[in-house]
Amino acid sequence: MNAELRTGAVAAAAGVNVQTLRYYERRGLLRDPGRSPGGHRLYPAETVTTLRIIKAAQRLGFTLDEVANLLADNHFRNDHGGLHARAGAKLAEVDAKIAELSTVRDTLRAALAAGCDDLLTCSEIPGCPLPFGDREASTAGH
């Protein structure tokens, strides 16, 4: 016999709130639950695992749309790249973000080292480390 859990029990076991559970249900991330004779939602026990998978995927940077696609691939055995290809693409995306954030960090460090206290004053200093673009072109014609 498959154990069925009510909404509060599923949410508590998965570490999410009831609103999150219902939201994922509306988004199609969870299958529609059955109902008790009293009208309460009854979820199969594996719903807890599915919720944990969704939350883990989100922590890895996958959007809910991406998670939905991964779950659909798993449920229907579609070949849309699978987890391996999608994880590789997500890793490339994360690496690109890290590179971008490293540039931002380095620029902020340079601005602090240059003593930039005021954006207007700093923008007028030759060699200002902040990315104001081509100051000559932006002031031409004004």
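The values are calculated or read from the model by the stated rules, or taken from the named source; none is laboratory data. Just so we're clear, the structure is a prediction, and the values are computed from it rather than from any experiment. Neighbour counts are summed over all protein chains in view; Cβ atoms, including those assigned to glycine, are modelled from backbone coordinates with ideal geometry. Each accessible area value is taken on the protein alone, full model and side chains, heavy atoms only, with ligands, DNA and RNA left out. Shrake-Rupley method; radii C 1.70, N 1.55, O 1.52, S 1.80 Å.
When Cα extents along the principal axes in Å is calculated directly from the model, which label among (i) 74, 30, 26; (ii) 75, 34, 31; (iii) 38, 35, 23 fits? The calculated read-out lines up with (ii). In this simple spin-label approximation, residue 31 and residue 87 carry label points 7 Å from Cα along the Cα→Cβ vector, and these lie 2.5 nm apart.
Solvent-accessible area assigned to carbon and sulfur over the chain amounts to 56 percent, based on a 1.4 Å probe.
The length gained by stretching the chain between residue 22 and residue 58 to full extension, at 0.36 nm per residue less their Cα-Cα distance, is 11.3 nm. Excluding the site residues themselves, the longest part of the chain lacking any trypsin sites (Lys or Arg not before Pro) in a DSSP loop with at most 16 other Cβ atoms within 10 Å is 78-142.
Calculated FRET efficiency, residue 3 to residue 40, Cβ-Cβ distance, R0 = 22 Å: about 0.90 to the nearest 0.05.
Angle of helix 82-113 to the longest C-alpha principal axis of the chain, folded into 0 to 90 degrees and rounded to 10: 30°.
Relative to the first principal axis of the alpha-carbon coordinates of the chain, what is the inclination of helix 46-59, with its axis defined by its Cα atoms, in degrees from 0 to 90 and to the nearest 10? The helix 46-59 is inclined about 0 degrees to the chain.
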